[in-house]
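The values are calculated or read from the model by the stated rules, or taken from the named source; none is laboratory data. It should be emphasised that the depicted structure is a prediction, and the values quoted were computed from it without experimental measurement. Virtual Cβ from ideal backbone geometry, glycine too; neighbours counted across all protein chains shown.
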Amino acid sequence: PRLSCDPVAAVLRGLLSVLFRRIRMGPPSSFRKPLGHDAVHVWAARSDRVEPELWDRYVDLLSDGERQRLGRFRFERNRREFCVAHVLVREALSNYADVAPADWAFETNPHGRPEVAAAFDVDLRFNLSHTDGLVACAVARNVDVGVDVEAMDRRAETVEIAERFFSAQELADL
């Protein structure tokens, strides 16, 4: 199923439920948030401000494969961004299911997009985006969801991009 409203209009009208959170460590049930079937929650975390005493705890939440990938990054900022992104997904998902953050497993769908492994039998979908110093994760039930974050200092031809990819109604809403 798809959400019944135009996504651009939904954001502009404030219909998108947005939750900005700093990654918290602790039992997921201690900060659960309800996620209705018509809602999208967006979680965000700064990847450029990882407290040193939390780093080891973040790495411990990753799977063996994620830790191996983490070790292959050449630059510290890329390691931080990867780690924070993957911990954010795990922490966010644990707010909506009785699964500890470290216990989640993921698989790749035919389009190359990561998703919760089928063995978990949950109706959760997620999407990750990151840019310099910021990571975002969108979570929804039973519907594919997307999120995108961009650095504000990046030069972009926003009008030209919108004209190329948006519908006439989406352009009018902007």
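Observations on the structure shown:
- Residue that is more than 28 Å from Phe75 (Cβ to Cβ), at pLDDT 75 or above, under 12 Å from the mean Cα position of the chain (by Cα) and surrounded by 15 or more Cβ atoms within 10 Å (Cβ to Cβ), where the choices are Ala140, Ala136: Ala140
- Residue that is nearest to Val139 (Cα to Cα), among those in region 91-114 that are among the small types (Gly, Ala, Ser) and touching a residue at least 24 places away in the same chain (Cβ under 8 Å): Ala92
- Of all the criteria given as (1) in contact with a Lys or Arg (Cβ under 7 Å, 6 or more places away or on another chain); (2) surrounded by fewer than 13 Cβ atoms within 10 Å (Cβ to Cβ); (3) among the acidic types (Asp, Glu), the one not satisfied by Asp123 is (2).
- Matching residues, region 46-103, being of a type in the set (Asp, Glu) and crowded, with 21+ Cβ neighbours inside 10 Å: Glu81, Glu91
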